[in-house]
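**Q** Structure provided below as structure tokens; questions to follow.
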Amino acid sequence: MKRIRTGIVVGSVMCASMAFANYDRTDAVLAMADRLEAQGVDRAFVLDVMAQANKLDSVLNAMRRPAERKAWRDYRPIFLKPERVEAAKGFYATHRETLERAESTYGVSIPVILAIIGVETYYGRNKGSFRVVDALATLAFDYPPRSAFFLRELEQLFLLSREETLDPVALKGSYAGAMGFGQFIPSSYRAYAVDFDKDGSRDLIGNPVDAIGSVANYLAVHGWDAAYGIAAPVQNGAPAVEKMEAAVKVERSSAALAALGVQGIPAEWAALPLDVLGLQGAAGDEYWVVTKNLYVITRYNRSPLYAMAVTQLAAEIENALGL
Ligand SMILES: [Ca+2]
């Protein structure tokens, strides 16, 4: 009897440890621990954290069906909702002084900062429920298409945790390891987060003041220019678009686009580098002439659909706030 009971206990413990020890001292994890040790991160700590990391099929499934694969007509309604504009107004009412300080410090307009945080997390409502270490370990070691990228982010997570005194096992975020109000991946957190309330730490998860300053700083560092707009609708844009809903480079001249027949380019953009983005809208194909600022938004998220959702939500927020 005793032996059987002991056997059951041992069996269940083994089951548990097999289910929850996907990254316990694997060769790849040991190699990572070596690299981190060379950068001064405690090797035993890395191995202990990784022994607690889980491979999550939910992360792999989410990676295979991103919202950005939708056409614009289906993508736009996810983000351009009156409720999201209302939430922006509430967030603005609470954080107006911080938003004004971010705009004057970094030259990024309040509606654009609000639109980014609104699209990313609905003003902090959906900051993500995955353990970041699970998400990044799964993608680093079990998602070959982007394993190099996510392995770097996993290593960045350890460096970030040391710098900001964060517990890497406790951190929550998206299925891709993005954290906080603005959904910063670890490398972006390290590089672009700012301590905007000057309390000595950069907290993008619990502190909306740091998050607001950091979103504005991110865009500023990537080349945001407050002197001009983001996108304007044009007519006869088709000759300037090779592929609909494709990435923009913003390296063409207004004259070159006009020579292709594009009409309605804002006169004040005549001297700027531009591009034309074609979208599959609810009422048919639509064309937008875009500036470098749209490209800057794609540094936050590569998708041109994401950038247009931010652009249009910013415009609606601007109207709603009367800014
Ligand atoms: Ca702070």
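**Q** Would you mind stating whether Asp285 is surrounded by 20 or more Cβ atoms within 10 Å (Cβ to Cβ) and among the charged types (D, E, K, R)? Outline the logic, then answer.
**A** Numbers: surrounded by 20 or more Cβ atoms within 10 Å (Cβ to Cβ): no; among the charged types (D, E, K, R): yes.
Answer is no for this residue.
**Q** Which residues, taken from segment 291-308, are aliphatic (A, V, I, L, M) and more than 17 Å from Val108 (Cβ to Cβ)?
**A** Scanning segment 291-308 gives Leu305, Met308.
**Q** Could you tell me whether Gly173 is open to solvent by less than 30 Å² (accessible area, probe 1.4 Å), more than 27 Å from Thr105 (Cβ to Cβ) and more than 16 Å from the ligand (Cβ to nearest atom)?
**A** no
**Q** In addition: Counting just the residues of segment 203-221 that are buried (at least 16 other Cβ atoms within 10 Å of the Cβ) and assigned to a loop (DSSP other than H, G, I, E, B), which one comes out farthest from the ligand (Cβ to nearest atom)?
**A** Ile205
**Q** Now, a different point. Go through segment 184-199 and give me each residue that's more than 7 Å from the ligand (Cβ to nearest atom) and part of a loop (DSSP other than H, G, I, E, B).
**A** If the condition is that a residue be more than 7 Å from the ligand (Cβ to nearest atom) and part of a loop (DSSP other than H, G, I, E, B), then Ile185, Ala193, Val194 are the ones that fit.
**Q** Show me the helices (runs of 4 or more DSSP H) found entirely inside segment 42-81 where at least 1 residues are closer than 21 Å to Thr121 by Cα and of a type in the set (Asp, Glu).
**A** Those helices (runs of 4 or more DSSP H) span 72-79.
**Q** Restricting to segment 44-79, what's the tally of residues that are touching a Phe, Trp or Tyr at 6+ places or on another chain (Cβ under 8 Å), open to solvent by less than 40 Å² (accessible area, probe 1.4 Å) and of a type in the set (Gly, Ala, Ser)?
**A** The qualifying residues number 4.
The values are calculated or read from the model by the stated rules, or taken from the named source; none is laboratory data. If you're wondering where the values come from, they're calculated on a predicted model, not measured in any experiment. Every residue, glycine among them, receives a Cβ derived from its backbone with ideal geometry; neighbour counts consider all protein chains shown. The area values use the complete protein model at the heavy-atom level, side chains included, leaving out ligands, DNA and RNA. Shrake-Rupley method; radii C 1.70, N 1.55, O 1.52, S 1.80 Å.
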